[in-house]
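Below you'll find the structure, written out as structure tokens, and then a few comments.
The values are calculated or read from the model by the stated rules, or taken from the named source; none is laboratory data. Only a predicted model underlies this, so the values are computations on that prediction, with no experimental measurement involved. Cβ coordinates were reconstructed from backbone atoms using ideal geometry, including for glycine residues, and neighbour counts include every protein chain displayed. The area values use the complete protein model at the heavy-atom level, side chains included, leaving out ligands, DNA and RNA. Shrake-Rupley method; radii C 1.70, N 1.55, O 1.52, S 1.80 Å.
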Amino acid sequence: MATAHTASHSATAHDHHEHEHHDNFITKYIFTQDHKMIGKQFLITGIFWAIIGGLLSVIFRLQLGFPDMQLEFLKPILGGWITAEGKLDPDFYLALVTMHGTIMVFFVLTAGLSGTFSNFLIPLQIGARDMASGFMNMLSYWFFFLSSVIMFVSLFIETGPAAGGWVVYPPLSALEQAIPGSGLGMTLWLIAMTCFIASSLLGGINYITTVINLRTKGMSFSRLPLTIWAFFLTAVIGLLSFPVLFSAALLLVFDRSFGTSFYLSDIYIGGEPLPNTGGSPVLYQHLFWFLGHPEVYIVLLPALGITSEIIATNSRKPIFGYKAMVISMLGITILSFIVWAHHMFVSGMNPFLGSIFMFLTLIIAIPSAVKVFNYLTTLWRGNLIFTPGMLFSIGLVSFFISGGLTGIFLGNSAIDIQLHDTYFVVAHFHLVMGSASFFGLMAGVYHWFPKMFGRMMDARLGYVHFWLTFIGVYMVFFPMHYIGIAGFPRRYYTWTNFEFSNMYTDLNMFVSAAAIVTFAAQLIFLFNFFYSMYRGRVASLNPWRSNTLEWTTPLHPGHGNWPGEIPAVYRWPYDYSKPGAPEDFIPQTVPLSATPESNLPHEQELVKLEKAIIADEETLLVANESKAS
Amino acid sequence: MYGFLIAVGVLLLLSIIWMVYRIQTLVSVVKGSDKKVASGSNKVNAIMFLLFLIGGGALMFWYSIKEFDNYNPPLASEHGAVTDQLFWITMAVTGFIFIVTHILLFWFPYKYRYQENKQAAFYPDNNKLEVIWTVVPAIVLALLVIGGWRAWSDITRPAPENAHIVELMGYQFAWEVRYPGVDNVLGANDFRLTTASNVSGVDFTDKNALDDFSSPVVVIPKGEPVLFRIRARDVLHSVFAPHMRLKMDAVPGMPTKFWFVANKTTEEMRAELNDPEFEFEIACTEICGRGHFSMKRVINVVEPAEYRKWLAEQRPYIVINPALVENLPADVKELADITISEYK
Amino acid sequence: MEEKFAFVENAEQPIAMHPKKFALWLFIVTVVMIFASMTSAYIVRQSEGNWLEFDLPEIFWYTTGVIILSSVTLHWSYLSAKKDELGNLKTGMIITTVLGLTFLVGQWYSWVALVDRDVFFVGNPAGSFLYVFTGLHALHLISGVIFLIIVLISSFKYEVHSKSMDRMEMLVTYWHFLGGLWIYLFMFLLLNH
Ligand code: HEM
Ligand SMILES: [Cu+2]
Ligand SMILES: [Cu+2]
């Protein structure tokens, strides 16, 4: 049996070509079509962006926390953006904020998280040789790479990168006269985002096709690990919402470069009236948030999926309410498309719409609540092992609660009047979306590192990393609630112009210091990550004693994942600590007929069905063998 | 410089911690304890969660109580009382959930930390429980939202007939304040008419515009409805009056509005806060460019009588700058001249 | 738990759809989303007033006819291929390609007609939207024509026949979709302009 046989034993029989892959450096590491390597490419690129995004935030936190500080020492990097007095240029401050948001939301938490784990885990956990189309998968990464390059270049151009906020509302983003970043920087932003959309769609189409078509024998939807459910639904959301962002961006391009008036009307700027009439800036906001809200779930769902898996494994307990978890993710998927206008309560849209969206927003809070209670119940009476992945997962649940609860304030349009666009919103989405998803990413890296690189990351460094980051994140974002309740507006270069906001210099200083420490703590992770890649302890095959399929592959799976037949699946992935079983876990590949001592009553009946499957298996094996000889 | 020093200090600290841990790892490999399912660190982590719960909780309560008056902005509008109440009700409900869930979340890790001789409970689901925690949050949320919905409908309903109109126009980077004058009707405007001396682009061929005037401060009466008519002439801006609990975007090409009743004068507020410098302020909360952080206007809330007196003292645009009406058609010009002469 | 896990789908392959065909359907979904968002934007914007009224170019009726006809001829070639009538297949493919190109030319003339009635790309969004709809659709149609030509060439190399229909099937799906999309857009414009 050739180790590298790419076609799965699926309907695509005619693709069934068995030949050895003679990979050279280029096809193995660069233009690879192996989903595992593509996943790692996404991960490394994501980490690169996380460092850049983090550095940008450190720079603007310096400005906010230490407004009197001399920033001359940044001159070698930032050049003209440091003014003669050694201060940050206010235009550049906005550019920093914008780039930070764009990078974190799209490049780190969408591509870096979904891209990494959907690619890496989908084939491994559903039992497939590779993605449905390795070529499209490769394209997906290279579109992302191209997008990254363009976005990165835009950081260094003369007029600076885009500076209209990550939501790039026109007219600010459409008019070069309004802010320098809306010139070339914005053009590059739009090109980069178009590539990014192409990348996401290529990836998403692949994920969905793979999950639906290439599951191994016995891997019914009710036996999918929650990770796969999450990646699958994330891809569905992306598929439905990214095209809308494309539409919004396309019309913006026409307004910027061709003089149309989709979003522009009645504008007098730079000492002259513009010819545009009849456009509507609010139209852009509708289109943008139709992507924008689902986007927050695109970022969050994979993290929740990863956490479900890790918490179950390390609690040595089945995830509580598997079905409820799936239903709530489905609910979130659907509802995420009908709440977008809660970002627009005071945008001037019809207040009646505001009422409707307030009620719809309320509904989406319910599945989120169900998920939290289910996590808690999974921990209850478990036998918890605190691997770094587990710690980060518990951290995620904490952030999800803290940030989710503040959503209840913001979803209430009457309360949102005061809180909208203040630091309260910043605190809310950094906890629920930023930190929660970031912790999901970290949990995933610690947990699947042994599968990615065949070595273990150092657990103790992981603990230190976790505690510094966990405490750090709360130190950074919790105080922002107070600042927000006090009314401090977001995207402000300084607050000293106003009486209502000229206090809290101490608190802001504290936040900035905490941000710097938290950022520095990530160096521990970086060290651990790269060091362990080469020098870490060699991992055992199933280091967390987990049930899912990826742990049945060899330590360094080749292209094709399993050397022989793909294992068939006989049970759901959460048979942990089953009463009667000798071990506290039963992998999905163990037939029910092999575990009569621990089967539940209804499972005994399935044993018969299962016998048929195994018989099938055998005929197939025999057939293959005769073909091979 | 602070930041830099702190960063360096932290880095040093971290590298020391790292070395200690590295050595420990080697020791544990020698001792063979890395082969065990859960090492001694398991207990340390479990205890850390408890400590975090207690420490973090204490810090939160201490700060929230100590700073209450600081982060709670003074209130001076009628609808603000309602939204503030909603805010604090929501705070009570969510605060309760926050505390309970976090106690469970951090106490379970301690209570159920790994023990070799123990086995976890096989407890895959319980429909009753799940129904309960779907339905109960749904009811609680519904109650909260219904309160919000009633307040929202009330706040956004059309302004009363007698509301005093003030126009706020956002531009890079200031607010232009225009009053409708004695007729309480704003004159028409057109962005193409904007000039340095006609910032708002007022169309003076509309006779309603003849008594319009501008003011550097937003002066409004206490206890009477005021309607802000809000627009923008270049990019998006947003009117934010924190003490009035008021916020509304200013959109080019799409005028918006917000009406409210201020229920404290600036003087009263100064007395109450014991701060003679206190002012009600307007800021911008929609990113609009370089000067976004500096778009300030002061709102001066005065007693109604004082307001009327102030109104009577104001001089329309065309009185201050008669050049504005020089080239008007004869009939309006005549009216304009009459207005001008009235103010002489 | 009990009943829920009692339904074990037995161990056959999940669904037997060619992954590439499935991917094509997903691609179609993204295109649908683009046009759905565009047409919703149109409605939202139209409801705000200040909307230029004008008559749609009559040529749209003819191009609509052309594209329906092309779907018919393509389907005929598809059926021919299935029955291994390769001569008919080639004829059908050639006619379809010509009709596809005719449609594109027709759409170009609709722009000329728009300019004639003083509706420009730059100006009132009512006109701009029309250009965007037709332009975006034409772009997709160009991709369809390229696909057509690819399959046309392979049909001349006798690579399309009853045993090798995957590409042909995908082409038919895509082309019918593009035709349907145009009919939707045209109807939409008729009802909402
Ligand atoms: C559970 C995952 C959630 C994520 C990932 C998330 C993410 C976000 C993000 C990124 C923003 C910032 C938008 C901006 O740029 O201004 C935001 C704002 C908002 N969130 Fe959430 N959110 C979540 C949950 C909730 C919940 C449960 C609610 C309500 C019950 C909610 C309601 C809101 C509202 C109303 C805003 C707009 C506030 C404003 O603009 O003033 N969110 N959310
Ligand atoms: Cu949202
Ligand atoms: Cu602003």
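Among the residues making up segment A:334-359, those that are in a loop (DSSP other than H, G, I, E, B), near ligand 1 (Cβ under 9 Å from one of its atoms) and within 11 Å of chain B (Cβ to nearest Cβ) are A:Met344, A:Phe345, A:Val346. Of the set (1) within 9 Å of chain B (Cβ to nearest Cβ); (2) at pLDDT 90 or above; (3) closer than 30 Å to B:Trp259 by Cα; (4) in contact with a Gly (Cβ under 7 Å, 6 or more places away or on another chain), all apply to A:Leu362 but (2). I'd like to know if segment A:305-320 contains one or more residues that are under 16 Å from A:Ser347 (Cβ atoms), assigned to a helix (DSSP H, G or I) and away from ligand 1 (no atom under 14 Å from the Cβ). Within segment A:305-320, none of the residues are under 16 Å from A:Ser347 (Cβ atoms), assigned to a helix (DSSP H, G or I) and away from ligand 1 (no atom under 14 Å from the Cβ).
In segment A:133-144 there is no residue matching the filter, namely being in contact (Cβ under 8 Å) with a residue 24 or more places away in the chain, closer than 30 Å to B:Ala174 by Cα, among the hydroxyl-bearing types (Ser, Thr, Tyr) and open to solvent by less than 10 Å² (accessible area, probe 1.4 Å). Of B:Thr101, B:Thr94, B:Thr134, all but one fail to be open to solvent by 30 Å² or more (accessible area, probe 1.4 Å), within 16 Å of ligand 1 (Cβ to nearest atom) and not acidic (Asp, Glu); the exception is B:Thr134. Here B:Ile340 clears all of (1) of a type outside the set (Phe, Trp, Tyr); (2) without any contact (Cβ under 8 Å) to a residue 40 or more places away in the chain; (3) part of a helix (DSSP H, G or I); (4) open to solvent by 50 Å² or more (accessible area, probe 1.4 Å) except the condition numbered (4).
The residues of segment A:377-400 that are open to solvent by 10 Å² or more (accessible area, probe 1.4 Å) and facing chain B (nearest Cβ under 8 Å), listed by number, are A:Thr377, A:Trp380, A:Arg381, A:Ile385.
Within the set A:Ile267, A:Ile208, the sole residue that is surrounded by 23 or more Cβ atoms within 10 Å (Cβ to Cβ), within 16 Å of ligand 3 (Cβ to nearest atom) and either more than 30 Å from A:Ala615 (Cβ to Cβ) or over 27 Å from the mean Cα position of the chain (by Cα) (or both) turns out to be A:Ile267.
Flag not set for A:Ile319, criterion: surrounded by 24 or more Cβ atoms within 10 Å (Cβ to Cβ), at the interface with another protein chain (Cβ under 10 Å from one of its Cβ atoms) and in contact with a Gly (Cβ under 9 Å, 6 or more places away or on another chain). Would you say A:Phe288 is touching a residue at least 40 places away in the same chain (Cβ under 8 Å), surrounded by 22 or more Cβ atoms within 10 Å (Cβ to Cβ) and more than 8 Å from chain B (Cβ to nearest Cβ)? In short, yes. Considering each residue of segment B:199-218, count those that are open to solvent by less than 10 Å² (accessible area, probe 1.4 Å) and part of a strand (DSSP E or B), and give that number. The qualifying residues number 3.
There is at least one residue in segment B:297-317 that is over 31 Å from the mean Cα position of the chain (by Cα), buried (at least 19 other Cβ atoms within 10 Å of the Cβ) and more than 14 Å from chain A (Cβ to nearest Cβ). Scanning segment C:148-170 for residues that are crowded, with 17+ Cβ neighbours inside 10 Å and either under 30 Å from C:Ala41 (Cα atoms) or among the small types (Gly, Ala, Ser) (or both) yields a single hit, C:Ser155.
Among the residues of segment A:289-307, at least one is away from ligand 2 (no atom under 14 Å from the Cβ) and among the β-branched types (Val, Ile, Thr). The residues in segment A:405-422 that are within 22 Å of A:Met475 (Cβ to Cβ), within 9 Å of another protein chain (Cβ to nearest Cβ) and part of a helix (DSSP H, G or I) can be counted, and the count is 4. Looking at segment A:97-129, which of its residues are assigned to a loop (DSSP other than H, G, I, E, B) and crowded, with 24+ Cβ neighbours inside 10 Å? Answer for segment A:97-129, where residues must be assigned to a loop (DSSP other than H, G, I, E, B) and crowded, with 24+ Cβ neighbours inside 10 Å: A:Gly127, A:Ala128. Within segment A:457-487, the set of residues being within 9 Å of chain B (Cβ to nearest Cβ) and either in a loop (DSSP other than H, G, I, E, B) or within 27 Å of B:Asn72 (Cα to Cα) (or both) comprises A:Asp458, A:Ile471, A:Tyr474, A:Phe478, A:Pro479, A:His481, A:Tyr482, A:Ile483, A:Gly484, A:Ile485, A:Ala486, A:Gly487. Taken over segment B:227-249, residues that are more than 8 Å from every other protein chain (Cβ to nearest Cβ), open to solvent by less than 10 Å² (accessible area, probe 1.4 Å) and not β-branched (Val, Ile, Thr) amount to 5. Looking only at segment A:155-182, residues that are farther than 20 Å from A:Gly279 by Cα and without any contact (Cβ under 8 Å) to a residue 40 or more places away in the chain come to 4 in all. For segment A:547-566, does any single residue satisfy the condition of being open to solvent by 40 Å² or more (accessible area, probe 1.4 Å) and within 26 Å of B:Pro124 (Cα to Cα)? Yes, because at least one residue in segment A:547-566 is open to solvent by 40 Å² or more (accessible area, probe 1.4 Å) and within 26 Å of B:Pro124 (Cα to Cα).
For every residue, the table says whether it meets (1) more than 8 Å from chain A (Cβ to nearest Cβ); (2) open to solvent by 40 Å² or more (accessible area, probe 1.4 Å); (3) at pLDDT below 95; (4) closer than 30 Å to B:Val44 by Cα.
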| position | (1), (2), (3), (4) |
| --- | --- |
| B:Lys66 | yes, yes, yes, no |
| B:Tyr71 | no, no, yes, no |
| B:Ala76 | yes, no, yes, no |
| B:Phe87 | no, no, no, no |
| B:Lys111 | yes, yes, yes, yes |
| B:Tyr114 | no, yes, yes, yes |
| B:Asn117 | yes, yes, yes, yes |
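Output the number of residues of segment B:280-305 satisfying the condition of being in contact (Cβ under 8 Å) with a residue 40 or more places away in the chain and over 30 Å from A:Ala178 (Cβ atoms). Summing the residues that are in contact (Cβ under 8 Å) with a residue 40 or more places away in the chain and over 30 Å from A:Ala178 (Cβ atoms) in segment B:280-305 gives 5. Only one of the numbered conditions (1) crowded, with 21+ Cβ neighbours inside 10 Å; (2) within 15 Å of ligand 1 (Cβ to nearest atom); (3) closer than 30 Å to B:Asn126 by Cα is violated by A:Gly331, and that is (1). With respect to (1) touching a strand residue (DSSP E or B) at 6+ places or on another chain (Cβ under 9 Å); (2) open to solvent by 10 Å² or more (accessible area, probe 1.4 Å), the lone exception for A:Pro281 is condition (2). May I ask you to verify whether A:Arg571 is on the phi > 0 side of the Ramachandran plot and not in a helix (DSSP H, G or I)? Against the criterion (on the phi > 0 side of the Ramachandran plot and not in a helix (DSSP H, G or I)), A:Arg571 does not qualify.
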